[in-house]
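The values are calculated or read from the model by the stated rules, or taken from the named source; none is laboratory data. Please read all numbers here as calculations on a predicted model, not as lab measurements. Cβ placement follows ideal geometry from the backbone for every residue including glycine, while neighbour counts extend to all protein chains displayed. SASA here: full protein model, heavy atoms, side chains in, ligands and nucleic acids out. Shrake-Rupley method; radii C 1.70, N 1.55, O 1.52, S 1.80 Å.
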Amino acid sequence: KEQVHDIFNIKYEKISMVPLGASNRPISKVKIKNSSNLNILFFGRIWEYKGLKYLIKAEPLIRRKFKKFKIIIAGEGENFNQYMEMIKNQDSFIIKNYRVSEYEMAELFMNSSIVVLPYTEATQTGIVPFAFQYGKAVVASDVGSISDVVDNNVNGFLVPPRDVEALANSILKLLLDGKKRLVFSQNARKKYETYLSPTNSVYQTLKTYKKSLYNNK
């Protein structure tokens, strides 16, 4: 909204915002896998601005205080060899460097405990709505409009971009505190149902068109 205002000099009151929601996924068909490890999911296209290297650098800091976790990296993009070279503890990672199917995507989100978005820049992302649809807490960089959907210390944590220590500490807070993780999970699902659902996106879009038609009469 601020960019539209600044670039095109349009008054704020004339700008409507419709949330980027998540489409329904086949949750009921997904298998829940029993594991003693808590899974940390990084999902999506892999490009430099996604900040994957900061999550990889955070892994040794997490391991100092918590051992039973796996970082799942799922997606394709730029040459992945540079990231493989950064990994110090191979046992901490599960790599799925390919285009993930619709079903496997649902399975990954359902079987994860935390979804991490260590972006260095962004406008918005569809990953947060997907995470919230599955009731998953999020740890994300406070860039772009991510703070419009991630409520700090409510359904996730917002951290400064490129801050490896802050990223590791926020992930640890959720790994070490099952009650907080559960509360965040419940809040994430509630945010999806009330704000990020397809139904609300359609309603807000229709509302915007009606408002435009009325104002132009």
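If you count only protein heavy atoms with a 1.4 Å probe, what accessible area per residue comes out for the stretch 36-104, rounded to a whole Å²? Don't skip to the end; give the middle numbers.
Numbers: 3730 Å² over 69 residues.
Accessible area per residue, the stretch 36-104: 54 Å².
List the lysines whose Cα sits under 22 Å from the Cα of Lys57, skipping any in the same chain fewer than 8 residues away. The qualifying lysines are Lys65, Lys67, Lys68, Lys70, Lys88, Lys96, Lys173. For the stretch 99-183, a crude dipole built from +1 on the beta carbon of Lys and Arg and -1 on the beta carbon of Asp and Glu, taken about the Cα centre, is about 260 debye to the nearest 20.
The portion of the accessible surface of the chain made up by carbon and sulfur, rounded to a whole percent, is 50 (1.4 Å probe; DNA, RNA and ligands excluded).
Sparsely packed loop sites in the stretch 142-205 (the trypsin sites (Lys or Arg not before Pro) outside DSSP H, G, I, E and B with at most 16 other Cβ atoms within 10 Å) comprise Arg162.
Close amide H contacts of Ile72 (hydrogens built in the peptide plane, cut-off under 5 Å, sequence separation of 5 or more or a different chain): Ile40, Leu41, Phe42, Ile94.
If eta is 0.890 mPa s and T is 25 °C, what Stokes-Einstein diffusion coefficient results for the stretch 155-217, Kirkwood Rh from Cα pairs, in µm²/s?
The estimated diffusion coefficient comes to 168 µm²/s.
Here the mean projected area of the convex hull built on the C-alpha positions of the stretch 112-214 is 6.6 nm². Roughly what angle does helix 178-191 make with the longest principal axis of the chain, taking Cα atoms, 0 to 90 degrees, to the nearest 10? It works out to around 30 degrees.
Once the Cα atoms are used to define both axes, helix 164-176 deviates from the longest principal axis of the chain by about 80 degrees. Accessible surface calculations at 1.4 Å, restricted to protein heavy atoms, place the stretch 134-186 at 42 Å² per residue. The angle separating the long axis of helix 198-215 from the principal Cα axis of greatest extent in the chain is about 20 degrees.
The calculated pair-distance distribution of the chain uses every alpha carbon pair, bins of 5 angstrom beginning at 0, and gives 1, 7, 14, 18, 20, 16, 10, 6, 4, 3, 1, 0, 0 percent.
Please work out the FRET efficiency for the pair Met84 and Lys180, using the Cβ-Cβ distance as r and a Förster radius of 45 Å; give the result to the nearest 0.05. Write out the running numbers ahead of the final one.
On the way: r = 32 Å, r/R0 = 0.72.
According to the calculation, E is roughly 0.90.
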